[in-house]
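What follows is calculated from the coordinates using simple rules that are stated; it is not laboratory data. Note that the structure is a prediction, hence the values are computed from the model and not measured. Note: ideal-geometry Cβ built from the backbone for every residue, glycine included; neighbour counts use all protein chains shown.
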Amino acid sequence: MHKFPTQKQIIDSVLKGIETAKNNFTYWTADELYLSYAPPKFLTIHISQEIAKLENSPELFIDATVADILRCSLPSRNDFTDFMQKRYLSQDILCLTLDERFEHKSDNDSISRVIMSIKNGVRNIKEEYKYEIEKMCKMLHREKLSDSTLDYAIFAFYLDISNSARKKSKKRIEEIINSFDNIVNSYSNLKSKFEGGNINIIPNIGEYSIGCYVIEPSFK
């Protein structure tokens, strides 16, 4: 079994992947469009490519279902239905899932370790973003660390605004983090942190920022 990448390696790859996506889209469109106008999965593909470059890269799955992820992370592969019912989890997908890489003996022995929601054009707090945080919290929360193989979750996002925007990026990010913190803090044994968030100025146009909101188990 391969050694799984560290959390720092994954976060750095996510941030670099979004930065690369921004640079590519800017070049391809000759500075005509913001990255927030990019097609669906544009960020996810770039992030996946960066993670795949890691020496001990994990297996990557785009748009894996909640049921499949739980089946590959709970102690018993038959527990996911009850788990979803008890936590009011509906069938849905996660943008990107990282699994342990090893030689499989069947098509039913994968081990999920990291889940990600990836959003482009994030500028304000939206219900769909809070829904993603709530969903990942429900999947991560447990009484014992051994109750799941999931190590952490990431809400990765790209934010851009024009010069005419009255509310600047720094304030927007603070409000987004506070909103997410309120959700995470309602769960025992979960904690969160924010990585990235540097404000990049685009002369005469606006500014952009890239961030990773990380949720992980916390046991005293």
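Tabulated values for the structure
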{"read-out": "Share antiparallel - DSSP beta bridges, region 55-192, percent rounded to 5", "value": "60"}
{"read-out": "Under DSSP loop assignment and at most 13 Cβ neighbours within 10 Å, longest GluC sites (Glu not before Pro)-free interval of the chain", "value": "144-220"}
{"read-out": "Sum of -39500 (n - 2.57) over DSSP H runs of 4+, divided by residues of the chain (222 nm, nearest 500)", "value": "-11000 deg cm²/dmol"}
{"read-out": "Cut-off 16 Å, label 7 Å out along Cα→Cβ of Ile202, residues of region 31-45 by amide N", "value": "31-39, 43"}
{"read-out": "Calculated from backbone phi, Karplus (6.51, -1.76, 1.60) coupling profile of region 206-214 in Hz, x at Gly/Pro", "value": "x, 8, 9, 8, 10, x, 10, 9, 10"}
{"read-out": "Kirkwood-Stokes translational diffusion coefficient of region 81-201, alpha-carbon pairs, 10 °C, 1.306 mPa s, µm²/s", "value": "97"}
{"read-out": "Rounded to whole Hz, the Karplus (6.51, -1.76, 1.60) HN-Hα couplings of region 55-65, x for glycine and proline", "value": "4, 10, 5, x, 6, 10, 10, 8, 6, 5, 7"}
{"read-out": "Angle between the chain longest axis and helix 7-28 axis [Cα atoms, degrees, rounded to 10]", "value": "40"}
{"read-out": "Value in Å of the Kirkwood radius, where region 158-220 supplies the Cα pairs that are averaged", "value": "13.0"}
{"read-out": "Sequence of Phe42, Phe219 once ranked by neighbouring C-beta atoms within 10 Å, starting from the fewest", "value": "Phe219, Phe42"}
{"read-out": "Using alpha-carbon coordinates, inclination of helix 42-52 to the longest axis of the chain, degrees", "value": "60"}
{"read-out": "Residue order, fewest to most beta carbons within 10 Å, for His46, His141", "value": "His141, His46"}
{"read-out": "Ascending count of other beta-carbon atoms within 10 Å, so fewest first, for Phe4, Phe194, Phe155", "value": "Phe194, Phe4, Phe155"}
{"read-out": "Dipole moment magnitude, nearest 20 debye, the chain about Cα centre, only Lys, Arg, Asp, Glu C-beta charged", "value": "660"}
{"read-out": "Unit Cα scatterers, Debye sum, region 7-217: log10 I(q)/I(0) for q = 0.07, 0.10, 0.11, 0.13 Å⁻¹", "value": "-0.22, -0.44, -0.53, -0.73"}
{"read-out": "Centre separation in Å (Cα based) which lies between region 13-42 and region 87-126", "value": "22"}
{"read-out": "Links that overshoot a 25 Å alpha carbon limit, given the list Lys22/Lys170; Lys168/Lys193; Lys167/Lys193; Lys171/Lys193; Lys86/Lys193; Lys3/Lys53", "value": "Lys86/Lys193"}
